[in-house]
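Coordinate-derived values only; no laboratory data. Quantities reported herein were computed from a predicted structural model and do not represent experimental measurements. Glycine gets a Cβ as well: all are built from the backbone with ideal geometry, and neighbour counts include every protein chain shown.
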Amino acid sequence: MTVIIELAQRLCASTSTFTQEAHSILAYHESSPSRVVLLDKSRVRLSSLSIDQEGLFDQALQCIQFGIHQAATVMAWAAFMDFLDTKLASDGLIKLAAAKPGWARHSTIEELRENTNEHDRITAARDLKLLNKAEMKALHGMLSKRNESAHPTPYKPELNESLGYVAELLNRIASMKSRTL
């Protein structure tokens, strides 16, 4: 009986090794779903984010795995905006209120989100030197892609676009992480 168990364990290990090798080979083909299996590096990068941000990015990666690319774009953007809003509020919204006097009545992130739009919050991040002009413009463009994905449009992102979108947002977070107000 133990011989059968050992053989089954070896077979499972071999199957697992074969599957990993097959995915690594197929991942080099542009449209192969095997590319998504190799998202381990992206998932490792998520561990430095808040629980909410990590969860949203993880959902975006799961959407990519299942070929739901529009939803992946929306989820990844939500994670990024949570990061940006947290940065904007890192001092209790004091500098934001000084830069945008009309926003002084917002005392919490939730109020800020309910009463301002994402485009304006990105611009405010530029005003507060969290972003430079080029970064602001790039993020406005990414917001446009998010809007195309969230609303009925002919835009239908594919695997490469989704992977690139998530990777770019993760890269932008990494570059912003050490910046303070």
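Tabulated values for the structure
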{"read-out": "Ellipsoid equivalent to the range 77-181 - semi-axes via the Cα gyration tensor, in Å", "value": "25, 16, 11"}
{"read-out": "Largest-first ellipsoid semi-axes for the range 37-137, taking √(5λ) over the Cα gyration tensor eigenvalues, angstrom", "value": "29, 13, 13"}
{"read-out": "Where trypsin sites (Lys or Arg not before Pro) fall in DSSP loop in the range 137-178, at most 14 other Cβ within 10 Å", "value": "K177"}
